[in-house]
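> The structure is given below, and queries will be raised subsequently.
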Amino acid sequence: MIPNYIIHTIYAFLFKIFFIQLNYTIFAVKFDFMKKVVVLQLMALIFVITSCTAKKEILYLNDLKANENSSFQWSDVIIQPNDIISVKITADDMLLAAPYNLNPAQQQNLQNTQLMLQGYLVSNEGKINLPVLGDFEVKNLTYTQLESRIQGDLISKKLLKNPIVVCRILNAKVTILGEVRNPGTYTFFENNLTVLQALGLAGDLNINGVRKNIKVIRLENNQQKIGEIDLTKKNWMNSPFYFIKPNDVIIVNPNTAKVKSAGIIGNAGTLLGTISVILSSFLIIRSL
């Protein structure tokens, strides 16, 4: 018969050995896990570094120097079908000019949509119907040319003395999509609106927007044209896409980092967290 104190001593010794082994196992698991975490953190750091965008890919007009002058040419808007045109005619005798205008007394303090209802819609054949003058060919004319032609008709037919004609487009709009702060469709009244001004309407590009490949889609003379602009360079200022035309569409594509983050696993932090949870679960199950 073994005395109780010896049994208790043996149990205590075995318990200590078990406790030491348990601590060692836990330490080994933790140490191994920490090594894996460090490796994962280094991988995530490499991922972040390789995903960084160079400064030259973000700044606009990198090659533009101070006090540098270059040739510049303004661009005129060409009238196309579905344009809505405002035509205002004045003369020495405003009573005689009144019949040539659409409700001139009602054109003040109108909202944009209401103002368009007071304009002339260009038909698919490229014509508008003016009071008194009747059908008028306007397709492929600039607004300056249209003003001159209407004024010439009024003078040659001796309808008005010293007529002044002002023509403007009422429904000029540009659609801006992609990596900008406020994508959408914007109405403008300027005859010469630049790409930079149009992007300004949308709140500028996001940090994830590709500045080297801005696409401009344009419908002109029944043909769809696609232009590409590199905002980090200055040479695009001489391109036909420097000025926006009515109904242009500007597309700003996302960069590689944005595309990668659009998947199920987002950025590097999310990737690291997901792998850590999976690895922790595996180690805990394995240690049971």
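The values are calculated or read from the model by the stated rules, or taken from the named source; none is laboratory data. Bear in mind the structure is a predicted one, so any value in this text is a computation, not a measurement. Methodologically, a virtual Cβ is constructed for each residue, glycine included, from the backbone with ideal geometry; neighbour enumeration extends over all protein chains shown. The area values use the complete protein model at the heavy-atom level, side chains included, leaving out ligands, DNA and RNA. Shrake-Rupley method; radii C 1.70, N 1.55, O 1.52, S 1.80 Å.
> Starting from residues that are free of Cβ contacts under 8 Å to residues at least 24 places away in the same chain and either over 23 Å from ILE229 (Cβ atoms) or assigned to a loop (DSSP other than H, G, I, E, B) (or both), keep the ones in segment 166-196 and report whichever is most open to solvent (accessible area, probe 1.4 Å).
Across segment 166-196, the extreme among qualifying residues is PHE189.
> Quick check on ILE226: is it exposed (fewer than 14 other Cβ atoms within 10 Å of the Cβ) and within 20 Å of the chain's Cα centre (by Cα)? It would help to see each step written out before you state the result.
Values: exposed (fewer than 14 other Cβ atoms within 10 Å of the Cβ): yes; within 20 Å of the chain's Cα centre (by Cα): yes.
When the stated conditions are applied, ILE226 passes them.
> Applying the selection to segment 152-165, what residues are surrounded by 12 or more Cβ atoms within 10 Å (Cβ to Cβ) and not in a loop (DSSP other than H, G, I, E, B)?
GLY152, ASP153, LEU154, ILE155, ILE164, VAL165
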